[in-house]
Amino acid sequence: MLYPPWLWWERLWLPVNVSWSDLEDTENRVYAKASQLYHIFPFALGLLLLRYLFERFVAAPLADAWGVRDKARVPAEPHPVLEEYYCTRTRLPSQTEVLSLCKKSSWSERKIQLWFRRRRNQDRPGLRKRFCEASWRCAFYFCAFFGGVVALYDKPWVYDLREVWAGFPKQSLLPSQYWYYYSEMGFYLSLLLSLTFDVKRKDFNEQVIHHIATLTLLSFSWISNYIRIGTLVMAVHDSADILLEGAKVINYAKWNKAANIIFVVFTALFMLTRLVIFPFWLIHCTWVYPLELYPPFFGYYFFNIMLVVLQGLHIYWAVLISRMLFKSLFSTVRNYTYCMSMKLTGPAKGTTSSL
């Protein structure tokens with residue numbers, strides 16, 4: 001046996017007076033099953049292949065058309081001692097370490113610092129790589145979101161959240177829900193599998209936590225048949241992610257004004273979906289409405305705790321996004337003020353040009 005017997009105790013996963021036998025397929029109903037979670041792996045591998053093809057045959061030609069080029073970088077001079085130190089010890093040596101390397105290499109302190117700076121630049125991902133990655137994520141979120149809209153627009157629980165729990169957990173699985181769920185789970189698993197090859201961002205640790213929490217949440221909701229609320233959570237998340245990745249793509253193409261406009265719209269949508277709709281509609285739906293139907297059980301607490309973890313990440317990212325927006329707007333105002341002062345005073349100090 002690969003798992004402990006208590007793992008599938010009905011009281012962990014299901015409300016009182018409900019057993020696994022109640023969720024067996026019949027002629028009229030089909031239920032989600034834990035054994036189907038293995039389908040995530042072929043979905044993830046398929047998306048990795050699709051990503052490779054997309055980046056090579058769509059994103060790369062688009063980068064060429066929009067003039068996205070990697071900056072020319074001066075390579076670090078080959079040096080076995082410094083290279084070994086760089087790979088095995090640190091990429092950013094302290095002053096003491098630099099002085100020690102001066103003795104080993106017979107180089108000056110300034111030359112060693114320059115070598116490490118150039119060597120770090122060699123490892124930094126190029127602009128085209130970031131462009132291709134953002135293009136893939138933008139394309140996926142676009143397709144996933146509008147696919148989710150098609151799957152959800154005629155469902156009663158979209159317009160009345162109490163319908164999410166109507167008949168729970170004896171809710172038949174729809175084909176659209178299956179494809180929507182496994183596309184999303186396959187995508188986040190593919191992101192985890194490709195973390196070592198992708199551009200490492202500043203919020204790398206938070207991204208790992210987010211992907212793992214998302215996969216855990218979706219897997220648990222699949223087994224416990226929290227699928228209706230799960231589809232709503234996915235749609236709410238994807239809506240803002242389209243604009244975020246789109247802003248990155250436009251920014252890499254040096255269309256700064258368009259990128260700033262998209263980023264402002266993204267910020268507004270992010271705050272609305274992640275700080276208003278998600279906590280006050282969706283989390284409220286999972287905390288309050290189920291208690292009208294059955295007493296709380298382990299799955300109830302576990303699912304809501306995972307939603308709260310995601311909300312904590314939303315707050316963290318909201319702070320980062322607010323800082324970025326402030327810097328962007330402040331920079332725009334500063335540049336505008338500078339340009340106006342140049343028109344009034346002219347390029348030479350003490351002179352006045354005509355308007």
Checklist line | Members of the stretch 191-215 that are more than 15 Å from Gly230 (Cβ to Cβ) and more than 12 Å from the chain's Cα centre (by Cα) | finding: Leu193, Ser194, Thr196, Phe197, Asp198, Val199, Lys200, Lys202
Notebook entry, point to check: With Val30, Val68, Val81, Val74 as the choices, which residue is under 30 Å from Trp9 (Cβ atoms) and β-branched (Val, Ile, Thr)?
Noted result: Val30
Notebook entry, point to check: Which one of the conditions (1) among the small types (Gly, Ala, Ser); (2) in contact with a helix residue (DSSP H, G or I) (Cβ under 7 Å, 6 or more places away or on another chain); (3) in a helix (DSSP H, G or I) does Ser100 fail to meet, given that it meets all the rest?
Noted result: (2)
Check: For the stretch 47-82, what are the residues that are surrounded by 14 or more Cβ atoms within 10 Å (Cβ to Cβ), touching a residue at least 24 places away in the same chain (Cβ under 8 Å) and outside any loop (DSSP other than H, G, I, E, B)?
Finding: Leu47, Leu48, Arg51, Phe54, Glu55, Val58, Ala59, Ala60, Leu62, Ala63, Leu82
Margin query: If I ask for residues that are free of Cβ contacts under 8 Å to residues at least 40 places away in the same chain and assigned to a helix (DSSP H, G or I), which ones from the stretch 136-162 would you list?
Written below: Cys143, Phe146, Gly147, Val150, Pro156, Tyr159
Notebook entry, point to check: Does Trp179 fit the bill of being crowded, with 18+ Cβ neighbours inside 10 Å and either assigned to a helix (DSSP H, G or I) or acidic (Asp, Glu) (or both)?
Noted result: no
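Would you mind stating whether Leu189 is assigned by TED's automatic domain parsing to the domain that holds Asn251, crowded, with 18+ Cβ neighbours inside 10 Å and closer than 24 Å to Val58 by Cβ? Explain how you work it out, then say what you get.
Numbers: assigned by TED's automatic domain parsing to the domain that holds Asn251: yes; crowded, with 18+ Cβ neighbours inside 10 Å: yes; closer than 24 Å to Val58 by Cβ: yes.
Yes; evaluated as a whole, the condition is true for this residue.
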Checklist line | Tally, over the stretch 194-227, of residues that are assigned to a helix (DSSP H, G or I) and either surrounded by 15 or more Cβ atoms within 10 Å (Cβ to Cβ) or free of Cβ contacts under 8 Å to residues at least 60 places away in the same chain (or both) | finding: 20
Check: Quick one: how many residues across the stretch 255-284 are β-branched (Val, Ile, Thr), over 27 Å from Trp66 (Cα atoms), surrounded by fewer than 20 Cβ atoms within 10 Å (Cβ to Cβ) and in contact (Cβ under 8 Å) with a residue 24 or more places away in the chain?
Finding: 2
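Residues are listed down the side, and each one gets a yes or a no for (1) touching an Asp or Glu at 6+ places or on another chain (Cβ under 6 Å); (2) modelled with pLDDT of 90 or more:
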residue	(1), (2)
Ser19	yes, no
Gly46	no, yes
Pro61	no, yes
Ala72	no, no
His79	no, no
Cys87	no, no
Next item on the list: May I ask you to list pairs of residues, at least six apart or on different chains, whose Cβ atoms are under 7 Å apart, with the first in the stretch 111-135 being farther than 18 Å from Thr196 by Cβ and the second being among the small types (Gly, Ala, Ser)?
Entry: Ile112/Ser105; Trp115/Ala76; Arg118/Ala76; Arg119/Ala76; Arg128/Ala63; Phe131/Ala59; Phe131/Ala63; Ser135/Ala59
Next item on the list: Return the only residue of Tyr252, Tyr316 being crowded, with 18+ Cβ neighbours inside 10 Å, more than 24 Å from Val149 (Cβ to Cβ) and modelled with pLDDT of 90 or more.
Entry: Tyr252
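Can you spot a residue in the stretch 334-344 that is outside any loop (DSSP other than H, G, I, E, B), surrounded by 15 or more Cβ atoms within 10 Å (Cβ to Cβ) and modelled with pLDDT under 90? Working first, answer last.
Taking the stretch 334-344 and keeping what is outside any loop (DSSP other than H, G, I, E, B), we get 334-344.
Keeping just the survivors that are surrounded by 15 or more Cβ atoms within 10 Å (Cβ to Cβ) gives none.
No, that holds for no residue.
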Next item on the list: Could you check Gly230 against (1) under 19 Å from Ala144 (Cβ atoms); (2) surrounded by fewer than 18 Cβ atoms within 10 Å (Cβ to Cβ) and say which number it fails?
Entry: (2)
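The values are calculated or read from the model by the stated rules, or taken from the named source; none is laboratory data. Not measured: the values here are computed from a predicted model. Cβ: placed from backbone, ideal geometry, glycine included. Neighbour counts: every protein chain shown.
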